[in-house]
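Computed from the coordinates by the stated procedures, all read-outs in this text should not be read as laboratory data. Keep in mind that this is a model prediction, so the values were computed, not measured. FYI the Cβ positions are ideal-geometry reconstructions off the backbone, even for glycines, and counts take in every protein chain you see.
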Amino acid sequence: MSKNSKVLNLKDKISGNEVDLSLCNLTEVPVKELALFPKATVVDLSCNNITTLPPEFCSLTHLVKVDLSKNQLTCLPDDLGSLVNLQHLDLYNNKLNVLPVSFSQLRNLKWLDLKDNPLEPGLAKAAGDCLDEKQCKQCATKVLQHMRAIQDEADRAREKRLLREKELERKKEAKQKEREAREKEARKREKAEEKEKRRKEYNAQVAALAAKEQQKKKNEEKKKKNGQTADKKVVVKSVPKPRRSLIGLMFKFFLLLLLGLAGVAAACRLTVLQKEAVCVPVSAAVDDSLSWAKAQEGVVRELVQNLSSAVKEFLESTQTSKS
């Protein structure tokens with residue numbers, strides 16, 4: 001069925017401000033078609049197979065009277081309270097357990113029928129029997145009061161939930177700030193420790209350089225001192241050298257002289273040269289010397305001993321100077 005045929009059929013069911021859609025075997029409400037006729041304030045949807053009302057149904061704010069009796073409704077849309085002009089609502093013989101909280105906003109509602117619905121106990125008590133006009137009016141008043149109480153309770157619960165969420169958020173923010181403060185303090189402490197570590201390393205390097213420099217100075221002073229000592233030793237050792245050399249030369253000269261004289265004397269006495277004129281005085285001198293030496297044997301022996309001791313001391317002093 002096309003949209004135009006729907007509109008045409010709907011027009012056929014409009015009489016004045018009323019739309020009669022009862023006994024049409026409907027499973028859903030033709031919301032779009034009804035929205036095209038804002039002057040149709042009374043809608044009869046009774047005796048159909050409607051199970052739910054779409055959310056768009058709540059946009060039909062021009063409705064004043066709605067009959068949904070004898071359907072299969074199990075729930076009503078949450079925004080039903082948007083039907084601010086609704087005064088008469090018939091929900092007889094459906095399958096409703098509860099009403100939406102927004103039902104309390106239907107402040108113009110004067111008439112309500114909830115008979116033959118499996119209502120929850122509190123709502124059933126507020127609805128009453130609704131067997132006549134008076135009871136149905138009372139039903140509207142009491143149900144509105146009941147739903148307002150539920151609305152207030154829901155508002156309080158929502159307020160508590162919001163407060164609880166705000167408190168949780170505040171605690172979360174406080175924990176976050178505390179954690180950030182701890183992290184900041186930890187970073188600050190780490191930086192301080194790192195700075196202290198670098199300072200100690202710097203001081204250690206400075207101390208090491210100072211110790212190295214001091215050791216270098218000590219080594220230089222020690223080297224300088226050792227050099228001065230060596231110079232003194234060289235001076236001390238070098239002084240006696242001329243003396244030792246002179247004595248040695250004199251000793252060698254004296255020894256050579258004695259050897260020469262002894263050679264001349266031996267040649268003059270033991271060779272054919274003893275008859276020569278040159279050897280006569282030499283032989284005479286040797287004989288005189290032997291005679292004198294024999295006469296002076298004790299003195300010579302003592303002189304030889306003294307000379308031997310002097311030579312021995314000279315040799316010992318030489319060895320000591322070398323060591």
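For the pair segment 69-115 and segment 15-63, the centres of their Cα atoms are 14 angstrom apart. Residues whose amide H falls under 5 Å from that of Asn108, counting only those 5 or more places apart or on a different chain, are absent, with hydrogens built in the peptide plane.
Within the shell defined by Cβ-Cβ distances under 11 Å, the residues around Lys166 carry a net charge of +1, with Lys and Arg each +1 and Asp and Glu each -1.
Pairs Lys32/Lys95; Lys32/Lys134; Lys175/Lys197; Lys95/Lys125; Lys115/Lys160; Lys13/Lys142: which exceed 28 Å Cα-Cα?
Details: Lys32/Lys95 25 Å; Lys32/Lys134 34 Å; Lys175/Lys197 32 Å; Lys95/Lys125 17 Å; Lys115/Lys160 35 Å; Lys13/Lys142 34 Å.
Beyond 28 Å between Cα atoms: Lys32/Lys134; Lys175/Lys197; Lys115/Lys160; Lys13/Lys142.
For Val19, the residues whose amide H sits under 5 Å from its own are Val42, Val43, Asp44, ignoring neighbours fewer than 5 places away on the same chain, with H placed 1.01 Å from N. Of the trypsin sites (Lys or Arg not before Pro) found in segment 1-94, those in coil by DSSP whose Cβ has at most 10 other Cβ atoms within 10 Å are Lys39. Within the shell of other residues whose beta carbon sits under 15 angstrom from the beta carbon of Lys217, the net charge comes to +4, with Lys and Arg scored +1 and Asp and Glu -1. Would you tally the net charge around Gln145, using a Cβ to Cβ cut-off of less than 12 Å, leaving Gln145 out, and scoring K and R as +1, D and E as -1? Result for the neighbourhood of Gln145: +3.
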